[in-house]
1. Quick test of your reading of the structure: ALA214 fulfils all but one of (1) at negative phi; (2) touching a strand residue (DSSP E or B) at 6+ places or on another chain (Cβ under 7 Å). Name the failing condition by number.
2. Please go through the range 242-256 and pick out each residue that is surrounded by fewer than 24 Cβ atoms within 10 Å (Cβ to Cβ), in a loop (DSSP other than H, G, I, E, B) and of a type in the set (Ser, Thr, Tyr).
3. Under 8 Å between Cβ atoms, which residue pairs at least 6 apart in sequence (or on different chains) link something in the range 203-230 that is without any contact (Cβ under 8 Å) to a residue 40 or more places away in the chain with a partner that is near the ligand (Cβ under 7 Å from one of its atoms) and not in a loop (DSSP other than H, G, I, E, B)?
4. Take the conditions touching a Lys or Arg at 6+ places or on another chain (Cβ under 6 Å) and either modelled with pLDDT under 95 or under 24 Å from LEU23 (Cα atoms) (or both) and apply them to VAL34. Does it pass?
5. Residues of the range 257-271 being more than 9 Å from the ligand (Cβ to nearest atom) and in a loop (DSSP other than H, G, I, E, B), which ones?
6. Looking at this structure, is ASP152 in a loop (DSSP other than H, G, I, E, B), modelled with pLDDT of 95 or more, away from the ligand (no atom under 14 Å from the Cβ) and not assigned by TED's automatic domain parsing to the domain that holds GLU103?
7. Answer with yes or no whether ARG188 is outside any helix (DSSP H, G or I), within 25 Å of LEU267 (Cβ to Cβ) and within 13 Å of the ligand (Cβ to nearest atom).
8. When you look at ALA172, is it of a type in the set (A, V, I, L, M, F, W, C), part of a loop (DSSP other than H, G, I, E, B) and modelled with pLDDT of 95 or more, yes or no?
Amino acid sequence: MIIDGKAISAATRGDIKAQVDELKKQGVTPGLAVIIVGDDPASRVYVNNKKKACAELGMLSEEYALPADTTEEALLTLIDTLNGREDIDGILCQLPLPRHLDEKRVINAISAEKDVDAFHPVNVGKIMIGDYSFLPCTPAGVMELIRRSNIDVAGKHCVVIGRSNIVGKPMAMLMLHANATVTICHSRTQNLKEICRTADIIVAAVGKAYFVTADMVKEGAVVIDVGMNRNAEGKLCGDVDYDEVSKVASAITPVPGGVGPMTITMLMQNTVTAAKQRRK
Ligand code: NAP
């Protein structure tokens, strides 16, 4: 089975749109403020896509494009203003930030109840104890792909390759909450290939093109590819050698068209969730 991220994203957005329409009947339009500092081209593409998704779902979006030499004080003042705005439910600051800005301080300044990226320590802690409002968008997108593909996670051995704060660690935690037996691998892991071969589900979040090869995958395993890389020809590709691994996997996500389309969709869901929770 090829797990079609585009189709699942469209179906998920349909559900989100219904929630937005319902909120609008109650006089509430979910609002997202996106802050971008500097002119990183990749960040610009992401921000444009987020704005487009808001428009598609009938949500309010505001963009704050700040120059690369913005001071930390100015950025924190803007966040403070947005924290206090009644009509803004979600705030996100597109990462990475220019080097002179302290990412941790900026993330911590966003009100936890408007932290739709789920990077604030309060929300990270809530994920640990399984009492969460927002899930980080990419791992949440992976869980939604799995759920909507009717893949059973409970009791399965899930190997997550990668331990970053935004993908690998929360991914492992969500799999654990879904009752998988979880192994987290990273650059110091010994016998990675052998460990992967015992996995019923592999989630690759490494950032290296074609890293997961067919000899690392057990026959019939589910393979989720979070990676977004450029190959030698400059073509977008994942962490998984799709052509070969798809011959042994029972289900696999392609790149592009797998996990990627889900990330912004889950951001939209988080913004709607924030709008509901703030007005409870
Ligand atoms: P990251 O912060 O660079 O983390 C990469 C992880 O891979 C690290 O934990 C690292 O281990 C591990 N790793 C590196 N080399 C390895 C090796 N040889 N063997 C085993 N593990 C190894 O990257 P990230 O932010 O998590 O992103 C991972 C990938 O997902 C990237 O391609 C990124 O572009 C993509 N991504 C996609 C989406 C989406 O929407 N589809 C969203 C976010 C990220 P150490 O901790 O030991 O260094």
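The values are calculated or read from the model by the stated rules, or taken from the named source; none is laboratory data. The structure presented is a predicted model; accordingly, all values stated were derived computationally and were not measured. When we count neighbours, we look across all protein chains shown, and the Cβ atoms used for this are built from the backbone with ideal geometry, even at glycine.
1. That leaves (2) as the condition not met.
2. SER246, SER250, listed by residue number.
3. Cβ pairs passing all conditions: LYS208/ASN229; ALA209/ASN229; MET216/LEU192; MET228/GLY260.
4. In short, yes.
5. GLY257
6. Considered against the rule, which asks whether it is in a loop (DSSP other than H, G, I, E, B), modelled with pLDDT of 95 or more, away from the ligand (no atom under 14 Å from the Cβ) and not assigned by TED's automatic domain parsing to the domain that holds GLU103, ASP152 comes out as yes.
7. Considered against the rule, which asks whether it is outside any helix (DSSP H, G or I), within 25 Å of LEU267 (Cβ to Cβ) and within 13 Å of the ligand (Cβ to nearest atom), ARG188 comes out as no.
8. no
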